Structure formats: structure tokens, C-alpha cells
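*Asks:* One structure coming up, written as C-alpha cells, with questions to follow.
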Amino acid sequence: MAGRVNGKVALVTGGASGIGRGCAERLAQEGAAVIVTDVQDDKGAETLAAITAAGGKGEYLRHDVTDEAAWEAVIAQVRERHGRLDILVNNAGIGIGGPVLEMTLADWRRQTAVNLDGVFLGVKHAIPLMRAGGGGSIVNMSSVAGLKGAPNLAGYCATKGGVRLFTKAVAMECANAKDGIRVNSVHPGIIETPIWLSIINPANSGTNAPPDLDAISSMAVPLGAKGYPEDIANGVLWLASEESRYVTGAELVIDGGLSVR
């Protein structure tokens with residue numbers, strides 16, 4: 001099946017690498033004009049190059065999701081260039097691991113600003129443009145860490161759990177408004193992405209080495225393997241398309257069974 005989001009305009013935050021890049025490329029493959037935003041300009045350019053090389057339509061904008069003025073500017077550019085916004089993927093996020101007793105307030109606030117405030121600001125500023133176009137789909141990136149606790153990830157769990165319930169509340173607001181906007185969250189499990197480079201490996205305390213995802217997955221994931229950005233992107237594509245027209249306020253868990261073991 002091709003063209004599942006043909007003619008739609010999509011905005012993907014944190015789209016320069018990892019899951020965000022996977023989502024941006026997948027949406028472009030299926031016909032969307034994709035605005036990729038990030039603070040990693042070089043990687044953003046690489047994502048855009050990959051989209052255009054594959055025959056897709058896209059553009060890159062530098063964008064700090066914690067800055068409300070930056071959100072206003074990005075949405076204004078989307079309105080000016082495209083006149084509408086059909087899909088918002090609030091993907092930008094960071095992971096800061098370590099014991100809660102060692103976490104600084106500065107790190108707590110930074111993680112909350114990116115992972116939770118950024119999602120709030122995206123929803124707040126995207127909804128009016130979506131409503132003007134008759135509706136749309138908002139996909140907020142949470143995590144299995146938003147469904148269950150994990151040692152050394154207390155701050156991350158707090159932000160992703162917040163995204164989960166914030167999504168449900170906004171879904172109900174949009175449903176009550178009958179504005180045609182659906183709002184859902186996606187909950188990745190162990191996915192090969194750069195975020196692991198910033199999460200401390202408990203097995204190697206005191207080092208910055210990323211966890212061995214293959215070893216962890218073979219033990220913890222019922223399907224026995226880690227996932228890849230395209231696994232998440234396929235789920236995001238479904239939520240962005242009309243195939244999920246009757247789905248809102250839902251949690252799409254893509255984790256190889258990790259959360260139910």
C-alpha cells in the first residue's frame with residue numbers, strides 16, 4: 001500500500017536522528033510533505049537529503065522544543081508555506097539516567113522541559129492550525145517507561161508517564177470540541193537509537209558506555225530482540241493515516257512484549 005498520507009503536511013520534532021528520522025522518512029515515503037525540526041542541524045540536513053533522494057518532499061527547521069517563541073515561529077512558517085497541518089509527531093526527547101538520589105534538579109528540569117514541556121507546547125500551538133484545516137492526527141512519543149517504573153530512570157519515567165496521561169486528556173478535549181483531531185501516544189520499548197548514549201548503563205556504573213541492547217533484549221524482551229526506528233515509524237504512520245480514523249486517546253505499545261512480561 002502506498003500513499004497512505006498522500007497530500008498531508010506533517011511536522012516531526014526531533015526528526016534528525018533515531019525514531020524521529022525514521023518517522024519523517026516513512027511519512028515522506030507515503031506521500032506527506034514533512035517538516036523536520038531539531039537542534040542537530042547537520043543530522044537534520046542528512047535526514048532531509050535522505051527524504052529528497054527517495055523522491056519525497058521535506059524541509060528542515062532548527063527548533064528548540066522547550067522555547068515557546070520557537071514553536072510560534074515554526075507553526076507560523078508551516079502556515080505560510082503550506083496553509084495547513086495534518087500530522088504532528090511530538091518526538092523530540094532526551095534520556096538522563098542514574099539513581100534518583102544523584103539526579104540534580106537542573107537535569108530533572110532539563111529532561112522535563114524537553115520531554116514534557118515540548119509536547120505541551122507542540123499540542124498548544126499546532127491544534128489551532130489543525131482545526132483550521134478540519135482536523136488531523138497528533139502522535140506523542142512516550143515510552144514503555146511511561147507505563148512501568150524502571151530503576152535509574154525515575155526522571156525519564158516521570159516525563160513519559162506525563163506524556164501518556166496528557167495525551168489522553170487532550171484527546172478528550174479535542175473529541176468534545178468535535179474538531180476532527182485525534183491524539184494518541186506511542187510507547188517504544190528497546191529501540192536502537194542514539195538516546196541510549198545518554199543513559200547510564202547500570203552494569204557499568206561510572207562509565208558513559210551505552211547498554212548492550214542485544215544482550216538486554218535477549219533476556220528481557222519476549223520476542224528476544226531489540227527494535228529499530230522503522231518499527232516505531234510504521235506504527236506512527238498508521239496513527240497518522242485515515243486507517244486509524246476511529247482511534248483516539250489510545251496507547252500504541254511497540255516493545256516486543258517487554259511491558260507485559
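The values are calculated or read from the model by the stated rules, or taken from the named source; none is laboratory data. Since the structure is predicted, the reported quantities are computational estimates derived from the model, not experimental observations. Here the Cβ is made from the backbone with ideal geometry for all residues, glycine too, and neighbour counts use every protein chain on show. Remember, those area values only see protein heavy atoms, side chains included, never the ligands or the DNA or RNA. Shrake-Rupley method; radii C 1.70, N 1.55, O 1.52, S 1.80 Å.
*Asks:* Along the charge dipole of the stretch 9-254, pointing to its positive end and built from +1/-1 on Cβ of Lys, Arg, Asp and Glu, which listed residue (PHE166, PRO211, ASN91) has its Cα farthest out?
*Replies:* Farthest along the dipole direction, towards plus: PHE166.
*Asks:* What are the residues whose amide H is under 5 Å from the amide H of VAL39, where those residues sit 5 or more places off or on another chain and H is modelled from the backbone?
*Replies:* Distant-sequence amide H within range of VAL39: HIS63.
*Asks:* Let me know the number of lysine pairs in the chain closer than 16 Å at the Cα, not counting same-chain pairs under 8 apart.
*Replies:* 5
*Asks:* Sticking with this structure for a sec: For ARG131 and ARG62 in one chain, what is 0.36 nm times their gap in residues minus the Cα-Cα distance, to one decimal in nm? Walk me through the numbers before you get to the answer.
*Replies:* Details: separation 69, 0.36 × 69 = 24.84 nm, distance 2.47 nm.
In short, 22.4 nm is gained.
*Asks:* Continuing with the same structure: Can you list residues whose amide H is under 5 Å from VAL183's amide H, if they're 5+ apart or on another chain and H is modeled 1.01 Å from N?
*Replies:* Excluding prolines and chain starts, which carry no amide H, the hits are ILE138, GLY249.
*Asks:* Calculate the length of the line joining the C-alpha centroid of the stretch 111-131 to that of the stretch 22-94, in whole Å.
*Replies:* 14
*Asks:* Still on this structure, I have one more. Let me see the P(r) profile for the stretch 90-157: every Cα-Cα distance counted, bins of 5 Å, each bin given as a percent of all pairs.
*Replies:* Cα pair-distance distribution for the stretch 90-157, in percent: 3, 16, 22, 20, 14, 10, 7, 4, 2, 0.
*Asks:* Using only DSSP helix segments of four residues or longer, with each worth -39500 (n - 2.57), what per-residue ellipticity at 222 nm results for the chain after dividing by its residue count and rounding to 500?
*Replies:* Values: 8 runs with 107 residues, N = 261.
Using -39500 (n - 2.57) per qualifying helix, the result is -13000 deg cm²/dmol.
*Asks:* What relative contact order, as a whole-number percentage, does the chain give when Cα pairs under 8 Å and 6 or more residues apart are counted? List each step's numbers first, then the result.
*Replies:* Values: 566 pairs, mean separation 51.6, N = 261.
About 20 percent, as a whole number.
*Asks:* How fast does the chain diffuse by Stokes-Einstein, in µm²/s, taking the Kirkwood radius from C-alpha pairs at 25 °C and 0.890 mPa s?
*Replies:* Here the translational diffusion coefficient equals 134 µm²/s.
*Asks:* Continuing with the same structure: Please compute the length gained on full extension between THR104 and TYR228, using 0.36 nm multiplied by the number of residues separating them and subtracting their Cα-Cα distance.
*Replies:* Separation in residues times 0.36 nm, less the Cα-Cα distance, equals 41.5 nm.
*Asks:* Using only the heavy atoms of the protein chains and a 1.4 Å probe, how would MET172, MET141 rank by accessible area, largest first?
*Replies:* Working: MET172 95, MET141 10 Å².
My answer, sorted largest first, is MET172, MET141.
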